[in-house]
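Trainee: Sharing a structure here in structure tokens format.
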Amino acid sequence: QVQLVESGGGLVQPGGSLRLSCTASVSIASIYVMAWYRQAPGKERELVAHIFSRGDTDVEDFVKGRFTISRDDSKNMVYLQMNDLQPDDTAVYYCNGKQLMVDYWGQGTQVTVSS
């Protein structure tokens, strides 16, 4: 069983930055891929970025150039650095891990971008 706990959300003004953190209860080196998803009110959950155990990363086009995903295997943590945040980025952000064809989810952290 993998437990994931997100932190770092909050209220930020447009153009601001936040760094989300995800702490795993197991070694993330054993998890095939870690990812960040988000879900805005009234919308479906969508993939934001992912990072494989070997280090390959990818971010979706709508955040490319603004968001960066990274990992620290020594701390079992995955990060999402979010820069130039815009109101459309307002959502609950979820950490996800895929291991042995099973999806694990954190409880989510709220990010609100508003002036």
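Trainee: Consider LEU47 carefully, then state whether it is under 21 Å from SER114 (Cα atoms), under 10 Å from the mean Cα position of the chain (by Cα) and open to solvent by less than 60 Å² (accessible area, probe 1.4 Å). Reasoning before the result, please.
Mentor: Details: under 21 Å from SER114 (Cα atoms): no; under 10 Å from the mean Cα position of the chain (by Cα): yes; open to solvent by less than 60 Å² (accessible area, probe 1.4 Å): yes.
Taking the combined requirement at face value, the residue does not satisfy it.
Trainee: Can I ask one more? Tell me whether the stretch 59-72 contains one or more residues that are in a loop (DSSP other than H, G, I, E, B), modelled with pLDDT of 95 or more and not charged (D, E, K, R).
Mentor: Just the residues of the stretch 59-72 that are in a loop (DSSP other than H, G, I, E, B), to begin with: 60, 64-66.
In the following step, the residues that additionally are modelled with pLDDT of 95 or more were identified as 60, 64-66.
Then keep just the ones that are not charged (D, E, K, R); that gives 65.
Checked the stretch 59-72: at least one residue is in a loop (DSSP other than H, G, I, E, B), modelled with pLDDT of 95 or more and not charged (D, E, K, R).
Trainee: TYR37 passes all but one of (1) modelled with pLDDT under 95; (2) surrounded by 15 or more Cβ atoms within 10 Å (Cβ to Cβ); (3) of a type in the set (Phe, Trp, Tyr); which number fails?
Mentor: Result: TYR37 fails condition (1) only.
Trainee: Another question, then. What are the residues in the stretch 10-32 that are modelled with pLDDT under 95 and either surrounded by 15 or more Cβ atoms within 10 Å (Cβ to Cβ) or at positive phi (or both), if any?
Mentor: VAL26, ILE28, ILE31
Trainee: Those residues that are in a loop (DSSP other than H, G, I, E, B), of a type outside the set (A, V, I, L, M, F, W, C) and over 17 Å from VAL63 (Cβ atoms), I need them from the stretch 8-39; list them, please. Break it down into steps so the answer makes sense when it comes.
Mentor: Within the stretch 8-39, the subset in a loop (DSSP other than H, G, I, E, B) is 8-9, 13-17, 25-27, 31-32.
Subsequent filtering for residues that are of a type outside the set (A, V, I, L, M, F, W, C) retains 8-9, 13-17, 25, 27, 32.
Result: GLN13, SER25, SER27, TYR32.
Trainee: So, one more: Restricting to the stretch 100-115, name every residue that is part of a strand (DSSP E or B) and open to solvent by 40 Å² or more (accessible area, probe 1.4 Å). Spell out the reasoning first.
Mentor: Start the filter on the stretch 100-115 by keeping residues that are part of a strand (DSSP E or B), which leaves 102-105, 109-113.
Passing the criteria: VAL102, ASP103, TRP105, GLN110, THR112.
Trainee: Something else: Looking at the stretch 61-97, which of its residues are in contact with a strand residue (DSSP E or B) (Cβ under 6 Å, 6 or more places away or on another chain), charged (D, E, K, R) and either under 25 Å from GLN13 (Cβ atoms) or open to solvent by 60 Å² or more (accessible area, probe 1.4 Å) (or both)?
Mentor: ASP89
Matching residues to (1) on the phi > 0 side of the Ramachandran plot; (2) modelled with pLDDT of 95 or more; (3) touching a His at 6+ places or on another chain (Cβ under 7 Å); (4) in a loop (DSSP other than H, G, I, E, B):
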| site | (1), (2), (3), (4) |
| --- | --- |
| GLU44 | no, yes, no, yes |
| ALA49 | no, yes, no, no |
| VAL78 | no, yes, no, no |
| ASP84 | yes, yes, no, yes |
| ASP88 | no, yes, no, no |
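The values are calculated or read from the model by the stated rules, or taken from the named source; none is laboratory data. Quantities reported herein were computed from a predicted structural model and do not represent experimental measurements. Cβ atoms come from the backbone with ideal geometry, glycine included; neighbour counts cover every protein chain shown. Calculation scope for accessible area: heavy atoms of the full protein, side chains included, ligands and nucleic acids excluded. Shrake-Rupley method; radii C 1.70, N 1.55, O 1.52, S 1.80 Å.
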